[in-house]
1. Just one of V79, V106 is of a type in the set (V, I, T), out of contact with any helix residue (DSSP H, G or I) (no Cβ under 8 Å at 6 or more places or on another chain) and either surrounded by 15 or more Cβ atoms within 10 Å (Cβ to Cβ) or at pLDDT 95 or above (or both); which is it?
2. Might you check whether a residue that is touching a residue at least 24 places away in the same chain (Cβ under 8 Å), out of contact with any Asp or Glu (no Cβ under 7 Å at 6 or more places or on another chain) and surrounded by 16 or more Cβ atoms within 10 Å (Cβ to Cβ) occurs anywhere in segment 186-197?
3. Considering each of S126, S97 in turn, give the residue that is polar (S, T, N, Q) and either free of Cβ contacts under 8 Å to residues at least 40 places away in the same chain or not in a loop (DSSP other than H, G, I, E, B) (or both).
4. Going residue by residue through segment 31-51, is there one that turns out to be more than 22 Å from I208 (Cα to Cα), modelled with pLDDT of 85 or more and over 14 Å from the mean Cα position of the chain (by Cα)?
5. So which pairs qualify, if the first residue must be in segment 55-70 and closer than 11 Å to K193 by Cα, the second must be open to solvent by 100 Å² or more (accessible area, probe 1.4 Å), the Cβ gap must be under 7 Å, and the two must be at least 6 apart or on different chains?
Amino acid sequence: MSRASKLKKRAELAEKPTLKQAFLNFIDALTDNKNFCMAWLIAGFVFFTVYGFIDNPDLAKTASVIGKTHPRLFVWWAVFSGISLFLNLQYLYKLNSFRDGKLAKVGNICTYLGVFCIFACVNIPSVEPEDGKPLQMVAHWSMALLFAAFFAAAIIVFLLHKSMQKSVKHIIMLAVLSLTLVLMVVLLLIFGKSGGIESIPMWVAYIIVFLMNYAKPFQESKSR
């Protein structure tokens, strides 16, 4: 092969996007579509809510406990919950040009970690102390908690960013989400595991993300 041919081949390879860049371009293309992201968010909220009531009218069982008798639905719960939040947080960041800076980078990483943790949680079956599998139990609940923590962090860093710009709407949202998380921890310490208690912050998160992405007051605030 001549030197010119080698240089041409190298140039062609350099022009081809890496696997990482191709993936990022794919996510970027998905989050360009407002209606697509909104549909996922609504579907995620509906599926999350309906799933929580399966064989569980009083919301006493957690999602993991329901998953023991409905493993396929548990997988779909992870798909709808994880992807709906991931896509809409990516859309939120793009909508507000929240890409650069430490907070944006931390938030972006948290969205990916949140998706990883929810799928890891589903693939590590839930067990109870009496089952004699302490490591599996710790791994499952660690992934479940980290899923919630990472997605909450992704929302909080954006709200902090907006709050530092003196946006009253976002300050209120930050206060609501923070108080909700504190309330959940207090209720869990008092009453222990409960599907109802664990669902509250997810419902609040879905509502906050929906408002920031699609509610007119927030769009008007952004356009100024």
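1. V79
2. Yes: one or more hits.
3. Answer to the check: S97.
4. Looking only at segment 31-51, we keep the residues that are more than 22 Å from I208 (Cα to Cα), and these are none.
Within segment 31-51 (the criterion being more than 22 Å from I208 (Cα to Cα), modelled with pLDDT of 85 or more and over 14 Å from the mean Cα position of the chain (by Cα)), the answer is no, since none of the residues qualifies.
5. T62/K193
This table checks each residue for (1) at pLDDT below 95; (2) among the acidic types (D, E); (3) within 16 Å of I208 (Cβ to Cβ).
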| position | (1), (2), (3) |
| --- | --- |
| D100 | yes, yes, no |
| C117 | no, no, no |
| M164 | yes, no, no |
| V168 | yes, no, yes |
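The values are calculated or read from the model by the stated rules, or taken from the named source; none is laboratory data. Note that the structure is a prediction, hence the values are computed from the model and not measured. Reconstructed Cβ throughout: ideal geometry from the backbone, glycine too, with neighbour counts over all protein chains shown. Each accessible area value is taken on the protein alone, full model and side chains, heavy atoms only, with ligands, DNA and RNA left out. Shrake-Rupley method; radii C 1.70, N 1.55, O 1.52, S 1.80 Å.
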